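A quick write-up on the structure given underneath.
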Amino acid sequence: MKPLENLVVLEFSQFMAGPSAGLRLADLGARVIKIERPGKGESGRQIAIKNLFSGDDSIVFHTINRNKESYAADLKSPEDLERIKKLIAKADVMTHNFRPGVMEKIGLDYATVSKINPRLIYGVVTGYGNKGPWAKKPGQDLLVQSLSGLTHLSGDKNDLPTPFGLAVADMMCGAHFAQGILAALIRRGKTKQGALVEVSLLESILDFQFELLTTYLNDGGKQPERAKQGNGNAYLSAPYGIYKTKDRYIAMAMEDVDVLGEKLGCYELLAYKGSDSWFVYRDEIMAKLGAFLKERTTAEWLAVLEPADIWCADVQNYEEFLNHEGYKVLQMEQETVSADGDRIRTTRCPIRIDRQKLFSPKSAPKPGQHTQEINKAFELV
């Protein structure tokens, strides 16, 4: 039995952050029902990466909404809204990411809904919180990364502001959302009372940066400065970063520069005494180390460094990584099957329960696919 079996989650959330939390709850056994517009469904169905679709829906939508059901309802229709309220009365969790004020106009805000179901966990995702000058600004991942300072951490010193190459604000917010919902469910088990759980993309991306923001706040307000070349972390000293070798690249994590110099035979590094100098002269050290590492292949350097317990790694692309035994042994892939019969390869839930990996072969539903079934099961008509 999965941990969240018999829990009912109503997902009014769209796009990425809210549905990614719903995905995790579904992976853990919850019955997640997407409440969607009749016909087209939620807008996230058309958000595609590299224009990849299965049927009418993007591959991204299929993967982030796998193992869910879809209930079609027009929230402006009194009849549909009444059925939704009946469904809410029997649910455990409800989530949405509408802009501030939208649910109040519909009559599905927390104050109203908590009277319908006092045990309900009511979850809200916003872009920037409910107050302040950005409250109604579009909560989009790149915009949040850019506003939060995150884009000044990746890339090298002379590069333009560089965003992460994935929706990191959405993903972190979805993880925080799931954590908050689970914590509220635990409390409900003790108190029998529901809760309002609120997260925002901005707060999540700030928490994601807690190490570096704490450094900035306690370092006299000095701006983070990326390494000149091979930057891995704006606040970490040499040798932290990525270096070109004779044939590939190699990543170096935290290590005493003098120890590294001895192990490699790069004796120029021994001139830098003490950890303070490793940050002050970071670019200089990394340049000398980088020139030295170009003399041999990555495999040759790994053969020297790994037995010496130096923290390092090959720098692989997707093709290399996905064909490596280190990836294959994890069994991270699964295949979902869409309602149209398309087979989609994707990743599984990363959590294991009682040593069991969690797989879910059911892909995302079509808009309203389960409306009649849910009407009957919950006696809505």
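Nothing in this text is a laboratory measurement; each read-out follows from the coordinates by a stated rule. The model shown is predicted, which means the values in this text are computed figures rather than measured ones. Cβ: placed from backbone, ideal geometry, glycine included. Neighbour counts: every protein chain shown.
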The chain: most fluctuating residue of Asn317, Asn130, Asn51 per GNM, C-alpha cutoff 10 Å: Asn317
Full-stretch length increase - Ser114, Leu302 - with 0.36 nm per residue and alpha-carbon distance subtracted: 61.8 nm
Listed residues Asp309, Asp258, Asp342, most fluctuating in the chain (Gaussian network, C-alpha, under 10 Å): Asp309
Alpha-carbon centroids, region 295-324 and region 243-271: separation in whole Å: 13
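Taking the Cβ of Asp309 as the centre, find all other residues whose Cβ is under 15 Å away and add up their charges (Lys, Arg: +1; Asp, Glu: -1).
Net of charged neighbours comes to -3.
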Label-point gap, in nm, between Phe359 and Glu295 - each point 7 angstrom along Cα→Cβ: 5.0
Filter on Lys157/Lys244; Lys76/Lys115; Lys2/Lys362; Lys228/Lys294; Lys137/Lys222 - keep pairs with C-alpha separation over 24 Å: Lys137/Lys222
Most mobile listed residue (Ala291, Ala91, Ala253) in the chain, GNM with C-alpha springs under 10 Å: Ala291
Extension gain (nm, one decimal) between Lys136 and Glu79, 0.36 nm per residue minus Cα-Cα: 17.6 nm
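Based solely on its DSSP helices, what 222 nm [θ] is calculated for the chain when runs of n ≥ 4 H residues each add -39,500 (n - 2.57) and the sum is averaged over all residues, nearest 500 deg cm²/dmol?
-10000 deg cm²/dmol
Quick check: net charge around Ile181, other residues with Cβ under 13 Å of its Cβ, Lys/Arg +1 and Asp/Glu -1?
Values: positive: Arg24, Arg187, Arg188; negative: Glu11, Asp92, Glu198.
Result for the local shell: 0.
What is region 4-97 by shape, rounded, prolate or oblate, if you read a ≥ b ≥ c off the alpha carbon gyration tensor as root eigenvalues and call it rounded for a/c under 1.5, prolate for a/b larger than b/c, and oblate otherwise?
Oblate is the answer for region 4-97, as a/c is 1.5 or above yet b/c matches or exceeds a/b.
May I ask you to derive the relative contact order of region 241-322, considering only C-alpha pairs under 8 Å and at least 6 residues apart, and to give it as an integer percent? The partial results should precede the final answer.
Numbers: 94 pairs, mean separation 33.6, N = 82.
Taking the mean separation of contacting Cα pairs over the length of region 241-322, I get 41 percent.
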Net lengthening on full extension, Lys105/Glu5 (0.36 nm per residue, minus Cα-Cα): 32.7 nm
The chain: C-alpha gyration tensor shape, a/c 1.5 cut-off, then a/b vs b/c: prolate
